[in-house]
Amino acid sequence: VNTGNGKGKTTAALGLMLRAHGRGLRVRMFQFLKHESAKFGEHRTLDVLGLPYEGLGDGFTWRSRDLENSAAMAAHGWSLARAAIESGEHDLIVLDEFTYALKYGWVPWPEVEVVLRARDPLLHVVVTGRDALPELIALADTVSEIRPVKHAYEAGIGAQTGIEY
Ligand code: ATP
Ligand code: MG
């Protein structure tokens, strides 16, 4: 679990995908807050490497307040992620920004817990996002909380291409 309010949760998960892929592990990423058509820097690189990722959010979850839609998208995303976890076809699965689906109850924690506990013990599942549930933190083997010391954004530097997206 990569959680906390500092910068680096998603990029750390991407770094782990790089490392795992280099060792021949079968990796896959599900992004719960990214639009299907998003082509950020990481997506361009994943395309070059042939690593699979799926965008599952509507990309406007923070702004739209369209909670019913967000809930449906998160539930759909979880059904795909769950199938991947149960497929036995991967060694590392990243559930990027999945903490929010749990926090807002769009995906029921008890079901996630059952699926994670029943998974192949050799399958690594990485969850990123702020406000990880205490239950998720308790279940996880490795948890890192990234603390923001400072961020260029606060000095007036906006999101930078290739650094933020
Ligand atoms: P990154 O994708 O850079 O690893 P993250 O996954 O830790 O960031 P998120 O909470 O997913 O952070 O934030 C999404 C966006 O906000 C990213 O563009 C990220 O770089 C940026 N960001 C993250 N933390 C901060 C912060 N403390 N202040 C300002 N912007 C931030
Ligand atoms: Mg992130």
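Between residue 18 and residue 54, what is the spin-label point distance in nm, taking each point 7 Å from the Cα along the Cα→C-beta axis?
Placing both labels 7 Å along Cα→Cβ, they lie 2.6 nm apart.
With viscosity set to 1.306 mPa s at 10 °C, what whole-number translational diffusion coefficient in µm²/s follows for the chain from Stokes-Einstein and a Kirkwood radius over Cα pairs?
97 µm²/s
Pick out the long, greasy-scoring helices in the chain: whole DSSP H runs spanning 27 Å or more along their own axis by Cα, mean Kyte-Doolittle at least -1.0.
Span-like helices, by this rule, are 67-87.
Hey, for a label at residue 109 modelled as a point 7 Å past Cα toward Cβ, could you say which residues of the stretch 134-159 have their backbone N under 13 Å away?
The answer is 134-140.
May I ask you to give the solvent-accessible area per residue for the chain, in square angstrom, as obtained with a 1.4 angstrom probe?
Ligands and nucleic acids excluded, the result is 58 Å² per residue.
Between residue 79 and residue 159, what is the FRET efficiency for a Förster distance of 35 Å, r being their Cβ-Cβ separation, to the nearest 0.05?
0.65
Taking the stretch 71-100, which chymotrypsin sites (Phe, Trp or Tyr not before Pro) meet the DSSP loop condition and have no more than 15 other C-beta atoms within 10 Å?
Within the stretch 71-100, no chymotrypsin sites (Phe, Trp or Tyr not before Pro) qualify (loop, at most 15 other Cβ atoms within 10 Å).
Step through the table entries 9/34; 34/150; 9/103, compare each Cα-Cα distance with 20 Å, and write down the pairs that go over it.
34/150
Ignoring ligands, DNA and RNA, what percent of the accessible area of the chain is carbon or sulfur (1.4 Å)?
54 percent
The values are calculated or read from the model by the stated rules, or taken from the named source; none is laboratory data. Quick caveat, the model's predicted, so the values are computed rather than measured. In this analysis, Cβ positions are derived from the backbone assuming ideal geometry, glycine residues included, and neighbour counts consider all displayed protein chains. Ligands, DNA and RNA are stripped out before the accessible areas are found, and what is left, the full protein with its side chains, is counted by its heavy atoms. Shrake-Rupley method; radii C 1.70, N 1.55, O 1.52, S 1.80 Å.
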